[in-house]
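One structure is given below, encoded as C-alpha cells.
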Amino acid sequence: MATEHQLLSTAVHETMPGKYVRPVSQRPRLTEVVPDARIPVVDLASPDRAAVVSAIGDACRTHGFFQVKNHGIDSTLLTAVMAVARDFFRLPAEEKAKLYSDDPARKIRLSTSFNVRKETVHNWRDYLRLHCYPLDQFVPDWPSNPASFKEIMSTYCMEVRELGFRLYAAISESLGLDDGYIKKTLGEQEQHMAVNFYPQCPEPELTYGLPAHTDPNALTILLMDDQVAGLQVLNGGKWIAVNPQPGALVINIGDQLQALSNGKYRSVWHRAVVNSDRERMSVASFLCPCNSVELGPAAKLVTEESPAVYRNYTYDEYYKKFWSRNLDQEHCLELFRT
C-alpha cells in the first residue's frame, strides 16, 4: 500500500535505499558530463525583434533548450515562488500526507519518483503536481499551508502562461508561420506545474532525480534553483550540464512542437541528477495542447522536399501513449511517424 511514508522529504537519508539504485548500465556517469557548456541565452528585452526570433529558432534547432533573460517576470516573484515551494516541502509529514497520492490521473497531488505504481527502480525526487488552468477551478484544492502558497503560485502561473504565449509567437515566426499559429493550433490550452524537490542524496552516482526523458507537452518553462545545478541535456551525444543563470528561466521544446515543426525543432532528452551536498528545488510549468485538438506538422512546412514526418493525432491519444510507457523508452514521437 502506498503511503506518504514513501516521500523522501520526510526523513534524512544516511544510506541509499536499494529501490533507488540503478543497474550499472543505467547510471548517470557524472564524470562524463560536460560541465561548462553554454546553452543559448536569449535576451527578450532586445529591441531587435528579428534577432530575437532568429536566436530562438537557432536554439530550437540546435539544442531544443534555451534560457531567457529579461522575460518580464519580476525577480522578487521568482524568489518568492522558490521560497514558498521550499516551505511546503519542509512541512511536517502529517500535513503533507493530506495531499499524497500515487494516482497519475489526479490533477492535484503530492507524490514521489515518477510513477511509483509501475516502476521497478525509483527516482530521488518528491513533487507536487498542480493543474493551473483555469485557475479558479483548481486553486481551491491547492495547499493552503504555507498560507501564502496559493497567492504566490497563482500569480506565477498567470505570468508564466503569458510568457509562454509570447514565446509561441516568436517560435511561430521563426518557422515562417503567422505569429498566432501555434497558440491557435493548440486550442484552449491546459497548464500544469511540477514543484520538484530533490533531497540530498548519499550516493548521487547510483540514481537520478529524473532519468532521461522528453516532455510530452508543447512548451516547458523551468524555474531552477540558481545555487544548485542538476539539469542536464543531451547534445551531440554528450550530456551537458545546464548552469543556472540568476533571474533566467529555462525553456524547452516539448514533443508537440517537434511534431508541429515537422521535425525541424527538437524535443530533446534531458534528465535531473542529484547531489550529496544539498537539496535542490525546481518549478516546471507545462503548456499543453487542448486534448481534443488535432496535432501534426504545420501544413505550410510540408512540401515535396520535406514530406510530413509525423501523422496527425490528438493530444489525448499522445498523452495516453506517453504515460503507458516507461519514462526512458524510445522517444514517444517515434510511434507517430508516417
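The values are calculated or read from the model by the stated rules, or taken from the named source; none is laboratory data. Small disclaimer: the values here were computed from a predicted structure and weren't measured. With ideal geometry, Cβ positions are generated from the backbone for all residues, glycine too; neighbour counts draw on all protein chains shown. Ligands, DNA and RNA are stripped out before the accessible areas are found, and what is left, the full protein with its side chains, is counted by its heavy atoms. Shrake-Rupley method; radii C 1.70, N 1.55, O 1.52, S 1.80 Å.
Any idea which residue in segment 56-79 is farthest from residue 167 (Cα to Cα), counting only those that are small (Gly, Ala, Ser) and open to solvent by 40 Å² or more (accessible area, probe 1.4 Å)?
Per the criteria, the residue is 75.
Of all residues being surrounded by 15 or more Cβ atoms within 10 Å (Cβ to Cβ) and β-branched (Val, Ile, Thr) in segment 303-325, which is nearest to residue 190 (Cα to Cα)? Just the residue, please.
314
Quick check on my filter: what residues within segment 63-80 are among the polar types (S, T, N, Q) and touching a residue at least 24 places away in the same chain (Cβ under 8 Å)?
67, 70, 75
Would you check which residues across segment 280-297 are at pLDDT below 95 and either in contact with a Pro (Cβ under 8 Å, 6 or more places away or on another chain) or polar (S, T, N, Q) (or both) and list them?
291, 292
Which residue out of 102, 87 is touching a residue at least 24 places away in the same chain (Cβ under 8 Å), acidic (Asp, Glu), over 29 Å from residue 329 (Cα atoms) and open to solvent by 10 Å² or more (accessible area, probe 1.4 Å)?
Selected residue: 87, the only one of 102, 87 that is touching a residue at least 24 places away in the same chain (Cβ under 8 Å), acidic (Asp, Glu), over 29 Å from residue 329 (Cα atoms) and open to solvent by 10 Å² or more (accessible area, probe 1.4 Å).
Which condition from (1) modelled with pLDDT of 95 or more; (2) surrounded by 15 or more Cβ atoms within 10 Å (Cβ to Cβ) is the one that residue 45 breaks?
The number of the failed condition is (2).
Filter segment 105-126 for residues that are among the aliphatic types (A, V, I, L, M) and more than 17 Å from residue 6 (Cβ to Cβ); which is least open to solvent (accessible area, probe 1.4 Å)?
If we take residues in segment 105-126 being among the aliphatic types (A, V, I, L, M) and more than 17 Å from residue 6 (Cβ to Cβ), then 108 is least open to solvent (accessible area, probe 1.4 Å).
Within segment 1-53, can you find the residues that are among the small types (Gly, Ala, Ser), within 30 Å of residue 247 (Cβ to Cβ) and assigned to a helix (DSSP H, G or I)?
9, 50, 51
Residues that are modelled with pLDDT under 95 and over 20 Å from residue 225 (Cβ atoms), at least 2 per element: which helices (runs of 4 or more DSSP H) completely within segment 79-195 meet that?
93-97
Within the set of pairs 6+ apart or on separate chains, which have a first residue in segment 164-177 that is on the phi > 0 side of the Ramachandran plot, a second that is in a helix (DSSP H, G or I) and open to solvent by 10 Å² or more (accessible area, probe 1.4 Å), and C-beta atoms under 8 Å apart?
176/300; 176/301
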